[in-house]
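To keep things clear, I will list the structure first and then write my remarks on it.
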Amino acid sequence: MASMRDIKRRRSSIQSTQQITKAMKLVSTVKLQKARTRAEKCNDYFHRMYETIHSILARTGVVMSPYLQKGPSEKKAVVLISSNRGLAGGYNSNVAKKLLECGFDREDVQLYTMGRKAKDYLSRRGYEVVSDYSDAIDEPAYKDAAALGEEVLEAYTSGAAGELYLIYTEFHNTVSQEPVAMKLLPVEPEEEFANRTEKLTLMNYEPDEETVLGEMIPQYIKSLIYGAMIESAASENSARMQAMDNATSNAEDMIQDLSVKYNRARQNSITQELTEIIAGAEAIG
């Protein structure tokens, strides 16, 4: 059985750790409130932009646009958003696992990362990281999303990549976040829109389809990347808040258990001392 000194030392160590997890939970809670507000404001625009583009394309006939046809390359440019810090439960690992679940050949993946955790994890496993925008994820801004969007669009239009994907964590609420893989290019109307094509009047474009889509789709890509950054920031802080709350609760349970063990050890020590005193007194008598 551990000595009273060892138990006391361990209990003090856990109490110190508990203070840290409490502080981290409070910080994450404050950051979450701000990030959640931004995510809720951005959410409608994010999803409406996605639905609008797919609805427009469902009303469009055959259009010769590089954004609507798969490129000649088998390479897949993947924008992958994680975080720069750990202690957020499975947040970062779930994003990396989502890429692995896509079933892409490692040699065909070109990563454009935001967040060092998933970047480091995947680069150690042989994935190519073309560009890293990790500094941008701490304070998501549209200019950073636009810069990343320009780079991946250049890779797609130049033929360096034949497809473009976005992997991020979708924020549902404070207890539910889900990693999502979304295909950005070539743009393909979803089944719900494609099935309605015969019922829809074809879209008229001015000056022409290719010019209009050439302006709209790059903005669409940048908007989706920005929306994914906002949702990922909210998801990260929510995941860290939950992780620190669980850690604090676990620390409290361990402290209570060690307190019981300490009291038992103290009681045994007192009992042993009394026994020795009584035995000594009887021997003298």
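The values are calculated or read from the model by the stated rules, or taken from the named source; none is laboratory data. What you see is a predicted model, and the numbers here were worked out from it, not measured in a lab. Note that we place each Cβ from the backbone using ideal geometry, even for glycine, and neighbour counts take in every protein chain shown.
Annotations for the structure displayed:
- Every residue from the range 126-140 that is in contact (Cβ under 8 Å) with a residue 24 or more places away in the chain, over 24 Å from PRO72 (Cβ atoms) and not in a helix (DSSP H, G or I): ILE137, ASP138, PRO140
- Filtered residues of the range 66-81 (kept if surrounded by fewer than 18 Cβ atoms within 10 Å (Cβ to Cβ) and over 30 Å from SER134 (Cβ atoms)): GLN69, PRO72
- Scanning the range 142-174 for residues that are without any contact (Cβ under 8 Å) to a residue 24 or more places away in the chain and either among the aromatic types (Phe, Trp, Tyr) or part of a loop (DSSP other than H, G, I, E, B) (or both) gives a single hit, SER158.
- Subset of the range 94-117 [assigned to a helix (DSSP H, G or I) and of a type in the set (A, V, I, L, M)]: VAL95, ALA96, LEU99, LEU100
- Residue match in the range 169-188 (condition: over 28 Å from LEU57 (Cβ atoms), at pLDDT 90 or above and not hydrophobic (A, V, I, L, M, F, W, C)): yes
- All positions within the range 52-72 that are in a helix (DSSP H, G or I) and out of contact with any Phe, Trp or Tyr (no Cβ under 8 Å at 6 or more places or on another chain): THR52, ILE56
- Pairs meeting the criteria (first residue in the range 70-85 and assigned by TED's automatic domain parsing to the domain that holds TYR112, second residue surrounded by fewer than 17 Cβ atoms within 10 Å (Cβ to Cβ) and in a loop (DSSP other than H, G, I, E, B), beta carbons under 8 Å, at least 6 apart or on different chains) are GLY71/GLY159; PRO72/GLY159; SER73/GLY159; SER73/ALA160; LYS75/ALA160; ALA77/ALA160; ASN84/ASP138.
- Residue check, ASP44 free of Cβ contacts under 8 Å to residues at least 60 places away in the same chain, within 20 Å of ALA233 (Cα to Cα) and either in the same structural domain as VAL212 (by TED's automatic domain parsing) or surrounded by fewer than 18 Cβ atoms within 10 Å (Cβ to Cβ) (or both): yes
- Among the conditions (1) in contact with a helix residue (DSSP H, G or I) (Cβ under 9 Å, 6 or more places away or on another chain); (2) farther than 30 Å from HIS54 by Cβ; (3) surrounded by fewer than 21 Cβ atoms within 10 Å (Cβ to Cβ); (4) not aliphatic (A, V, I, L, M), the only one that GLN219 does not satisfy is (2).
- Verdict on LYS76 being basic (Lys, Arg) and in contact with a strand residue (DSSP E or B) (Cβ under 7 Å, 6 or more places away or on another chain): yes
- Single residue of the range 224-275 satisfying the filter (acidic (Asp, Glu) and free of Cβ contacts under 8 Å to residues at least 12 places away in the same chain) that is farthest from ILE137 (Cα to Cα): GLU273
- If you go through the range 129-168 and keep only what is of a type in the set (Gly, Ala, Ser) and exposed (fewer than 15 other Cβ atoms within 10 Å of the Cβ), you end up with ALA141, SER158, GLY159.
- Hits in the range 6-41 - residues which are in contact (Cβ under 8 Å) with a residue 24 or more places away in the chain and farther than 29 Å from ALA88 by Cβ: ILE7, LYS8
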